[in-house]
Amino acid sequence: MDSGYHPKIWCTLIAVALQKPNREYSKPRSYRLIQLLEVLGKTLERVQACRFSYYAVKYKLFPSTQYGGITGRLAQDAIMTVTHDIEAAWNHDQAVTMLTFNITGFFDTIPHSYLLNTLWKSCIPLPMVKWVHSFLIGCKAAICLDGKQKQDKLKDIQTGVPQGSCASLILAVYFMSPLGEAIRQGFNMAIEHNPKLSQAFNPDQNSLAPLTLYVDDGSIAVSARDQSTTARMVEIAFRQAHSWLTSRGLMLNQVKNELIHFTHSTRGRHVGDGPTVTIPTNTLGELKTVKPAKPIHYLGVWLNSQLNSNEHIQRMTSKAMTAMHALRILGNSIRGMHQSHARKIYIGAIQPIATYSLLVFWKSKNGKNLKALSTTHNKCLHMITGAFKTTNITVMEIEASIPPINTWLDHRLEMEALHMSSLPSDHPIMCHVYPDQRIHTLPQTPPPLPPYNLSKRYRTNPRTKFTTCIT
């Protein structure tokens, strides 16, 4: 490891082509290549990945708005911080516009030269940078499709990191770490060099939220008094992101660009669907118009313009019911899988699907959310116990040793709050809490807006009136 060398005998891999769901399989983009490497080589890759993660945490090399591949930063944390920023903007009587994007073939198209240059600029020790060069340069792969492969068809790999390696995820995070700062600098320069934009954008009333990035899924959010201003700001920020990515040979998935306007009210200046945005495409000089959508799918969560979780709960419970029907095939009350095993599968696989992103939507014990979750919970109890439809729900919960759904949700919420209290001070969640709730007063990356307008005077405690999913 200290010599910066990766044995070349471990650099020959098999790229297994897996079908992506609901695609046209006559196109190469409908397959995901997963590289199978030598087991001994993966041991060395795992050690080096831990070293890269150690340096990133010790020296704070990643911005606090970057998630995925970083210890302790999950997709749920990204959803919580995005939701917090939206609710905080609402407390300032502002609208929020968010544009999402996805990078096509991200792992397979990362340029080696830019990756090595980013590691060098991050002051990573030279032996580790040399190891990355030895690990990536000179690799050969053979594609396996439908269980058929040809060993004599080995091809040299010119770009990308092996999607299947223990080190691929942390290397991809290092590569994408400068994107947020590039967007911020390019956004400020674009406004300074345009007199009309400088007059329209007031830093005290408009704010560009830091780029939220989960590996290759990103979102750009902007808040302002009206939606037309936020739409123009989003266009500028996206052009900076598009320029940074295309200069490094990466392409954006034009189909997955989704635009949404978050408004606390549908009256007054927020009436209507909102303005569209015009963004560049992968074809040079060609533009594309993106229309606002009511619900968007971002990091596994369905978000609508009023942050109403009914759409998300409906889709998640439907997905959980599909898994429950698949579980029913494995056994019944007479033969097949034992009821205790069905209970474990429900608690470990089906219940987490229905309650995904619990911290965002679970705020009360009544309403449509609880009714939809209770319906799914009751049907699963019938499947586990094999009881009649008229059997009392409480009796089945006692028989299956499964608590009521609202009790379980409250328990999970308390456990998540306990987990948040033990997070480090530079964690994205801790950067969004009140100053008196964290050890260090100044966070590493402060949120774009405080939870409420600090310049106003309130008759009552504003913390009880203006709340977010974090505060």
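The values are calculated or read from the model by the stated rules, or taken from the named source; none is laboratory data. Keep in mind that this is a model prediction, so the values were computed, not measured. Cβ: placed from backbone, ideal geometry, glycine included. Neighbour counts: every protein chain shown. Side chains are part of the model used for accessible areas, which takes the heavy atoms of the whole protein and leaves out ligands, DNA and RNA. Shrake-Rupley method; radii C 1.70, N 1.55, O 1.52, S 1.80 Å.
Of all positions in segment 152-163, at least one carries a residue that is without any contact (Cβ under 8 Å) to a residue 24 or more places away in the chain, buried (at least 19 other Cβ atoms within 10 Å of the Cβ) and either touching a Pro at 6+ places or on another chain (Cβ under 8 Å) or outside any helix (DSSP H, G or I) (or both). Against the condition among the hydrophobic types (A, V, I, L, M, F, W, C), open to solvent by 50 Å² or more (accessible area, probe 1.4 Å) and farther than 24 Å from Lys27 by Cβ, how does Ile137 come out, does it pass? Judged against the criteria, Ile137 is a match. Taking the stated definitions as given, is Trp131 in contact (Cβ under 8 Å) with a residue 12 or more places away in the chain, within 28 Å of Ala417 (Cα to Cα) and either open to solvent by 30 Å² or more (accessible area, probe 1.4 Å) or not small (Gly, Ala, Ser) (or both)? Here the answer is no, as Trp131 does not meet what is asked.
For segment 340-379, the set of residues classified as modelled with pLDDT of 80 or more and either open to solvent by 80 Å² or more (accessible area, probe 1.4 Å) or among the aromatic types (Phe, Trp, Tyr) (or both) consists of His341, Lys344, Tyr346, Tyr356, Lys371, Lys379, listed by residue number. In a residue-by-residue description of segment 84-103, the property of being farther than 23 Å from Leu252 by Cβ, polar (S, T, N, Q) and not in a strand (DSSP E or B) applies to at least one position. Tallying residues that are under 29 Å from Ala17 (Cα atoms), under 25 Å from the mean Cα position of the chain (by Cα), charged (D, E, K, R) and open to solvent by 20 Å² or more (accessible area, probe 1.4 Å) within segment 35-72 yields 1.
Contact map, segment 453-471: residues that are closer than 27 Å to Glu416 by Cβ and at pLDDT 75 or above paired with residues that are in a loop (DSSP other than H, G, I, E, B) and open to solvent by less than 40 Å² (accessible area, probe 1.4 Å), Cβ distance under 7 Å, separation 6+ or inter-chain. Pairs shown: Thr468/Pro451; Ile470/Ile429; Ile470/Val433. Of the residues making up segment 16-34, those that are part of a strand (DSSP E or B) and within 25 Å of the chain's Cα centre (by Cα) number 7. Does Met316 satisfy the criteria of being assigned to a helix (DSSP H, G or I) and touching a Cys at 6+ places or on another chain (Cβ under 8 Å)? No, not satisfied. Given the criteria open to solvent by less than 20 Å² (accessible area, probe 1.4 Å) and modelled with pLDDT under 85, does Ala241 qualify? No: the conditions fail for Ala241. Of the numbered criteria (1) farther than 25 Å from Pro451 by Cα; (2) at pLDDT 85 or above, the one Leu307 fails is (1). Taken as a whole, the condition of being more than 30 Å from Leu373 (Cα to Cα), open to solvent by less than 60 Å² (accessible area, probe 1.4 Å) and out of contact with any Phe, Trp or Tyr (no Cβ under 6 Å at 6 or more places or on another chain) applies to Val277. For residues that are without any contact (Cβ under 8 Å) to a residue 12 or more places away in the chain and in a helix (DSSP H, G or I), scanning just segment 237-283, find the one that is nearest to His112 (Cα to Cα). My answer is Val255. Give the residues of segment 223-235 that are open to solvent by less than 20 Å² (accessible area, probe 1.4 Å) and farther than 15 Å from Thr276 by Cβ, sorted by residue number. Result: Ser223, Ala224. Those residues that are open to solvent by less than 20 Å² (accessible area, probe 1.4 Å), within 11 Å of Asn257 (Cα to Cα) and of a type in the set (A, V, I, L, M), I need them from segment 280-309; list them, please. Correct list: Val290, Ile296. Residues that are open to solvent by less than 60 Å² (accessible area, probe 1.4 Å) and over 18 Å from Ala387 (Cβ atoms) within segment 322-339 comprise Ala323, Ala326, listed in sequence order. Taking Leu13 as the residue in question, decide whether it is over 30 Å from Ser455 (Cβ atoms) and either out of contact with any Lys or Arg (no Cβ under 9 Å at 6 or more places or on another chain) or in a loop (DSSP other than H, G, I, E, B) (or both). Spelling it out, it is not the case that Leu13 is over 30 Å from Ser455 (Cβ atoms) and either out of contact with any Lys or Arg (no Cβ under 9 Å at 6 or more places or on another chain) or in a loop (DSSP other than H, G, I, E, B) (or both). Mind checking which residues of segment 383-395 are in a helix (DSSP H, G or I) and surrounded by fewer than 17 Cβ atoms within 10 Å (Cβ to Cβ)? Result: Ile393, Thr394, Val395.
Which of the helices (runs of 4 or more DSSP H) found entirely inside segment 168-207 contain at least 1 residues meeting this: at pLDDT 90 or above? Filter on segment 168-207 gives 168-176, 179-192. Evaluated against (1) modelled with pLDDT of 90 or more; (2) more than 30 Å from the chain's Cα centre (by Cα), Gly386 falls short on exactly one condition, (1).
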